[in-house]
Each structure stands twice: as C-alpha cells, then as structure tokens.
C-alpha cells in the first residue's frame, strides 16, 4: 500500500459502493478463455477491477510520481538552510536515498540508467546531513566515483547553487542571474516570458538568491568531493567570441562585474518586484505551479527578503512541500517533484470507458464531476501571449490555476465525452470553453506546446545558467496529436486549424516512420500518440505515413512480443525503439497499430498476449522502468499509474474496437435507419 500525500491510502478507504462493480459480461466472457481474445478479456476484467479499487472517494485517481533522489536531497538541504530539520524526516530521507544507490557508488536519474554526477553529489551531501560518515563503505564508493568524473566542478549549475548556499562552492564561480531581469519588457529578448513556465517559475526566485548570495555555516567540509583539492572550482575556457556560447559567456562576465556596482536602489526595487511576482503566483494550497522546484526556490527567495517562517505565505509554502512526501511502509520518505491527479484521472476514465465500463457507471460520473470542478477560470501567464483569450482548461495537479496545460485539457475533453453525465449541458459548456481556449493556444506553425503559445525563442537555452533540461516550451508532436484527436472528436477534423496541425505532424515524421516523444519515452510514445490522432482526423490506414509508422513499430517489437525504449534514446541513436519491454510502452505501440487497422496482425496479437501474460494476479502490471519525460534525458519520470491505464486502454480497444471507428459505425447505422424509415 502506498500512502498519498493527503494522508489517505490508495487501494483502501471509503469508496463509492458502485465503484467496484465490474460488468458481469466481462467476467463471464473471460472464464476458461485460452486464445488471445479470451486472455485479453480476462486481463481487462481484472484490470478494470484493480483500477476501480484505486479511485479516491472524491472521484480522482493519482499514482506516485517517481523521479530521482535530487528531490529528496534538496528537501534536506532546504531544511538545513532554514534551520527546520527534524530527526524523523532526516532519517526517513536518508533511508530512501541509501536504497537508491548503485553498486558502483553512484546514483542514476532513472531506473537502470548510468550514474549521474549531479545526482550523486547531491545524494552524498544529503547523506552527510543524515549522519553518514565519509569513511563508511557506501560513502567512500560515492566520493571516489565523483572524483573520478571531475568532482563537484563537473556537476550542473543547480547543484553548485545548493552547495554555494553553505560555502561549499563560490558564488563568483556561478553564472550570474540579475533580478533586474524582471524589468525586461515582454517584447525584449530573454524576458522572463521567453522561458517555459517551469523555468520562469524557477528563474525569478533564483534571481533574488543570485543577488543576495547567502552563505549559511557549513556543518562539515566536502574536500573529498573535489577532483583537485588545490583548485576545486577551475574556470572553463571561453568559447570563440563570434559564437553564441562565447557571446553569452562574455555577457555573464559583464553581469558579474555589474553585480559589484549595481545601484542599491534599483536592485532593491527589482528584488521587491520579483517578490510580488512570486507571491502573486502562489496557489491556494501554498505551492507554486504545483511543482516542487519552484516552490523550494520561492521559499528561499522570500526568506532572504525578510519573510519569516511564520508569515502566512511562508507557512503555506512549507506546508505545501510536505504534501510532496510519500511515506513508504519501510519508513522511507520519497519526495515527488509534482503530482498528477488530473492527468491520471482523465487517462483512467479513458481506459475504463474504452474497456467497456458503461458510460453512466457511478465511478465515471464521479470522476467527471471532480474534473469539471477542476476547470480553470482565471488568467495565468499564458495570457501574456494570448491577452484576448478567455480562460479555461485543466492543469496537471490538484491546485495550479496559473498554468493550465494543453495536453491535460485535450485529454480531459476526450475523457468527459466518454461519460454519460446527468447534466450534459454542464459538460457541453465546459468542453466548449476549453475547446476555444485550446484552439486559441495554437502556435503560429500550426502545432501546440504544453503550456504556452509560440514559446520558441532559441536564446534561453544558450545561457550559461541553463545547463540542465529544457527551458523553453516549443510545440511537440505528442501534445499536438492529442489536441488533433480531441478536435476530431468534437467534429473539427476538417477545420483549417486542424488541417494545418495535421500537416505539421506529417512533416515531423522521422525517416524511420516514427515520431519523437517530448513528454514520454520516446519514439514509441510519440508514434503511439500521433497515429491514432491522424486516423481520427481522417487519414486512411493506407496513408503512406501510417504505413511507415506501422513498419517501424513492427521492426522494433521485441522477441517477447512487447515494446520497450530506454531513456538513452534521447542521446544515443542505437537506443531508439530499444529497451526492456514495459507495459506502458507496449500499450502505446498497440494503440498505434490498432488505430492503423492492424488488429488481426501478428504484431498486435503478440503485444496483447504479452500484456495478458505479464499481468499480476491483482490486475496490475509491474513497471520499474521510467517511461515518462520531464526534460529529455535530464529529468525522467516513472508515473506509477501509466502501467495500469495504458494497458487497459489498449486491451479495451483490441476487444471493442477503436473509439472513433465505433462512433463512425454508429453514425452510419443511424443514417441507414433514417433512410429506411424515410
């Protein structure tokens, strides 16, 4: 059992009585079945029962969102910085971090991945805070591994910022980020709205930290983590002045010089403006954007500006961070970088509906009510680029009214349309508002990003400060595909904007036949998203793009019948479409094949058989591998509900047909009946 952050438990507790009712026909059909279809029916029935048992009494689903130990390490470092550490939390965090260490002494950023210098440095420091000593075997292995790879100097900027807070790194040896950035107008290059929403929420508070340069007394030294103790922070050579890297490196040198002479009055006004910006974006639950990193840096920045820990803003912020903690049965404490109830709920609804759960089932209606209540009704930062657009949409998290995202909004609409709600006018009104908002967020090239329109500036990624992850939000194939599928469902397949998006998707197809996956791993996810969308938008299964995609999926199917793709595919071509078979990735491949009319094909049958064979007795699937993406390669996610919802969706579509095909058949039948009646 895994405890949720609100204190309830998943899989137990009060549930709607009808929520565990599985359609009798599904159970009856599964009895004694030995062929692929029979095995699929049995697996679907077990999966439905398992998924229904995990619904919260309020109507939502949420699986753990697992990332890597930097979340846990930075939580301990924050507590040390603020002086609020406690023995129970420190002990539990240490227990979790130790359990994630690899045999070579390093920590990876995803299951089965290679060791990562920054993650290992942060984990090592956190364990020192938890009382582990440098000469203990596991610590000695870690420090030796770090030194062999360049020491602290080889870690990312964010890691060295955390170390600078305690004097373990020099502020002068970090890229400068001036708070005066807040004054740059929206049309000026490198203004804060040129950054993706997750980056701007982090950068604004870090400008305050960069200006204040605080140093708390270090509780111990970290000499053992320097590859060269005589020169622990070597300066990196400058790139040629004519290059972008060279230009920004020299600009950073100029900003360091400016830091020494910055007018105090101007700097004070800039930091106060940054503080107002931060406070205005605090959510009702105390968090910022529903994600942990901006919340951590916002708390530090406000504290440096004089907000004491008892201030309502600070108190709410710290309480929100506690809700990111997942306490495990062994006493370990894992920190989620984010929580995904809206995303998990709409995907669970789609899975259950496509698997044959009646559209008016109480569990689905309750989920619809919860999702409808979560619709966003106020403007956020997206309105900077779209000031005339009326607010709507859905965010990813429990509370995040500032940053609705386009991907969630499209999938919520698709989920709501699968439910027979007792108040259809309420659903229609919400879908209409959200549909208009989504259409209005289309970028100039015809596609959609995740949070903003036309967030495509090439400059932010060039900054010396930005050496980790994506800091802009350009359109992606997977998000665009989900929007196209939604628009087609709403009768907009022939709309000029939809056609423009379809053309963009066709142009984005790789020579192999696959599509890149921005928010899921990787080409299997992109292809599994795009093919159903193109078919829904009217492309025939015989279209050359669809056939190329099918051939690619068949070529990367594993011998066991499943599909898997390692996160290293984001960096290394030989990993594209290659990896250990996983339930979620096998399901994504099946969704594409089924949409392409390959239900009777050997590849689809082998994939369905693999899902049925690997299902556990309780109706779930096990999936330790990370198949979600925060930043390609740099930040990976294991969504614990992916392994449940996507296999059930694939099984349902294998058994009952692809939803758009069913609707088309119903419309055709209704038309024939009307003609006969006439």
Scanning the range 302-352 for residues that are part of a loop (DSSP other than H, G, I, E, B) and in contact with a strand residue (DSSP E or B) (Cβ under 7 Å, 6 or more places away or on another chain) gives 324, 328, 336, 337, 339, 340
Assigned to a loop (DSSP other than H, G, I, E, B) and in contact (Cβ under 8 Å) with a residue 60 or more places away in the chain: does that describe residue 518? yes
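For every residue, the table says whether it meets (1) farther than 19 Å from residue 46 by Cα; (2) outside the structural domain of residue 418 (by TED's automatic domain parsing); (3) in a loop (DSSP other than H, G, I, E, B).
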site	(1), (2), (3)
617	no, no, yes
620	no, no, yes
626	yes, no, yes
638	yes, no, no
648	no, no, no
652	no, no, no
Filter the range 488-501 for residues that are farther than 20 Å from residue 549 by Cβ and in a helix (DSSP H, G or I); which is farthest from the chain's Cα centre (by Cα)? 496
Restricting the range 613-629 to residues that are crowded, with 20+ Cβ neighbours inside 10 Å and touching a strand residue (DSSP E or B) at 6+ places or on another chain (Cβ under 9 Å), which is nearest to residue 155 (Cα to Cα)? 629
Does residue 504 satisfy the criteria of being farther than 16 Å from residue 595 by Cβ, at pLDDT 95 or above, part of a helix (DSSP H, G or I) and assigned by TED's automatic domain parsing to the domain that holds residue 636? yes
Could you tell me whether the range 533-549 includes any residue that is farther than 24 Å from residue 603 by Cβ and either touching a strand residue (DSSP E or B) at 6+ places or on another chain (Cβ under 6 Å) or surrounded by 19 or more Cβ atoms within 10 Å (Cβ to Cβ) (or both)? no
From the list 394, 448, pick out the single residue that is free of Cβ contacts under 8 Å to residues at least 60 places away in the same chain and not assigned by TED's automatic domain parsing to the domain that holds residue 491. 448
A careful count of residues in the range 41-65 that are within 30 Å of residue 131 (Cβ to Cβ) and surrounded by 22 or more Cβ atoms within 10 Å (Cβ to Cβ) gives 1
Here the residues within the range 371-390 that are in a loop (DSSP other than H, G, I, E, B) and within 21 Å of residue 279 (Cα to Cα) are 376, 377, 378, 379, 380
Residue 197 fails exactly one of (1) without any contact (Cβ under 8 Å) to a residue 40 or more places away in the chain; (2) crowded, with 20+ Cβ neighbours inside 10 Å, namely (1)
Taking residue 93, is it crowded, with 22+ Cβ neighbours inside 10 Å, in contact with a helix residue (DSSP H, G or I) (Cβ under 6 Å, 6 or more places away or on another chain), closer than 30 Å to residue 345 by Cβ and not assigned by TED's automatic domain parsing to the domain that holds residue 345? yes
In the range 636-678, how many residues are crowded, with 18+ Cβ neighbours inside 10 Å and at pLDDT below 95? 3
Checking residue 290 against (1) modelled with pLDDT of 90 or more; (2) closer than 25 Å to residue 340 by Cβ, the condition it does not meet: (1)
If residue 285 satisfies every condition in (1) part of a helix (DSSP H, G or I); (2) in contact (Cβ under 8 Å) with a residue 40 or more places away in the chain; (3) more than 22 Å from residue 94 (Cα to Cα); (4) touching a helix residue (DSSP H, G or I) at 6+ places or on another chain (Cβ under 6 Å) but one, which is the exception? (1)
Might you let me know whether the range 527-535 holds any residue that is without any contact (Cβ under 8 Å) to a residue 12 or more places away in the chain and farther than 26 Å from residue 109 by Cα? no
Flagged in the range 51-64 as over 15 Å from residue 350 (Cα atoms) and either part of a helix (DSSP H, G or I) or modelled with pLDDT under 95 (or both), in numbering order, are 53
Select from the range 130-169 the residues that are at positive phi and under 31 Å from the mean Cα position of the chain (by Cα) and write down the one among them that is surrounded by the most Cβ atoms within 10 Å (Cβ to Cβ). 151
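The values are calculated or read from the model by the stated rules, or taken from the named source; none is laboratory data. All values reported here derive from a predicted model rather than from experimental measurement. Don't worry about glycine lacking a Cβ; one is built from the backbone with ideal geometry, like all the others, and counts go over all protein chains shown.
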